[in-house]
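The values are calculated or read from the model by the stated rules, or taken from the named source; none is laboratory data. The shown structure was predicted, so the numbers you read here are calculated from the model rather than taken from an experiment. Every residue, glycine among them, receives a Cβ derived from its backbone with ideal geometry; neighbour counts consider all protein chains shown.
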Amino acid sequence: MEIKRVGVAGCGLMGGGIAQVCAEAGYPVLVREVSGELLKKGLGRIDSFLARAVEKGKLSEERKQEVLGLIEGTTDTAGFGGCDIVIEAVVESLPEKARLYEELDRVCPEHTLFASNTSSLSITEMAAGSGRPDRFVGLHFFNPVPLMKLVEVVRSPLTSSDAYEAAFAFAEGLGKTPIRTGDKTGFVVNRLLVPYLLDAIRALEEGVASVPDIDEGMRLGCGHPMGPFALLDFVGLDTTYSIANIMFDEFRERRFAPPPLLKRMVQAGMLGKKAGRGFYDYSAKPPTPVAGLV
């Protein structure tokens, strides 16, 4: 199948980033949010990201306007009827996603491919209730989408070969590097990354070392661009906590169980960089480790 027009459901950090890279690849994009306020915020984020690229000399003003001209915003799903693929990037809630797919199935033609950007939920479960299980895949992008090259292309037992190959080729056409994975909770990256992040928290709880020393140890000893606590703050502690709970429910193994400290920090609203505090205090310049966590 040929993909000529792209729909993106959700214009948050992930959805907005996906809409941007699709437009940069030359696709007309319809991006939908549930309210005009959220849509304006999401489109503004795309504009700001491209403006920074112009300021740094990485993008011309003409090219910026060209990309923005390919993105159309809406608060209605009806327009998705003209799309060849719809990528869902809404809240990580199966009931919410299921309601969206029921609505999309009513407005989209039979050939339209559905893709979920979920990082941990079951592609098979979503596909089974989508009305088109053979044309349903996972396309898991990484944050920030315009900068991160990887896309996990997830196949369920219900996905047809034609649909899967079309999704894989689409990801390649966006300038990304796709990898193939089956519908196993966590896919490839989170299956390996989440236990590592949780083990870092356990090491802190057990007094192995401090937050900055663990971060420096992994950054300099393993060549990671940032340590586990800096990464946790960047991803969001609530996001990691949610993914860990989903994975623990699936596997019932200690390595996927959220440590008590992570739970307490989420309950306290210490969600990381987006909240101003997590394992580091971002009101300080440069950010400083938060004292008294353990």
Does the range 18-36 contain at least one residue that is of a type in the set (G, A, S) and surrounded by 22 or more Cβ atoms within 10 Å (Cβ to Cβ)?
yes
Failed condition for V67, given (1) among the β-branched types (V, I, T); (2) under 17 Å from the mean Cα position of the chain (by Cα); (3) crowded, with 21+ Cβ neighbours inside 10 Å, with all others met?
(2)
Note on the range 38-64: residues within 21 Å of the chain's Cα centre (by Cα) and of a type outside the set (A, V, I, L, M, F, W, C) are K40, K41, G42, G44, R45, D47, S48
I'm trying to understand the selection: among the residues of the range 123-151, which are surrounded by fewer than 23 Cβ atoms within 10 Å (Cβ to Cβ) and within 12 Å of the chain's Cα centre (by Cα)?
F142, N143, P144, P146, M148, L150
Checking the condition closer than 18 Å to V8 by Cα, in the same structural domain as S93 (by TED's automatic domain parsing), out of contact with any Ser or Thr (no Cβ under 9 Å at 6 or more places or on another chain) and not basic (K, R), which residue from V137, V145, V151 passes?
V145
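Given the residues R191, R219, which is the only one that is more than 22 Å from V151 (Cα to Cα) and of a type outside the set (G, A, S)? Steps first, please.
Values: R191 fails: more than 22 Å from V151 (Cα to Cα).
Testing whether each residue is more than 22 Å from V151 (Cα to Cα) and of a type outside the set (G, A, S) leaves just R219.
Quick check: anything in the range 117-135 assigned to a strand (DSSP E or B), touching a residue at least 24 places away in the same chain (Cβ under 8 Å) and within 20 Å of K176 (Cβ to Cβ)? Step through it out loud before you land on a result.
Applying the first criterion (assigned to a strand (DSSP E or B)) to the range 117-135 yields none.
Within the range 117-135 (the criterion being assigned to a strand (DSSP E or B), touching a residue at least 24 places away in the same chain (Cβ under 8 Å) and within 20 Å of K176 (Cβ to Cβ)), the answer is no, since none of the residues qualifies.
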Condition first: closer than 15 Å to G173 by Cβ and assigned to a loop (DSSP other than H, G, I, E, B). Can you find one or more residues in the range 62-72 that meet it?
yes
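Mind telling me which of the residues T159, T185, T181 ends up being over 19 Å from the mean Cα position of the chain (by Cα) and either among the acidic types (D, E) or surrounded by 15 or more Cβ atoms within 10 Å (Cβ to Cβ) (or both)?
Numbers: T185 fails: over 19 Å from the mean Cα position of the chain (by Cα); T181 fails: over 19 Å from the mean Cα position of the chain (by Cα).
Only one candidate passes the filter, namely T159.
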Does any residue of the range 41-56 turn out to be outside any helix (DSSP H, G or I), in contact with a helix residue (DSSP H, G or I) (Cβ under 6 Å, 6 or more places away or on another chain) and in the same structural domain as L147 (by TED's automatic domain parsing)?
no
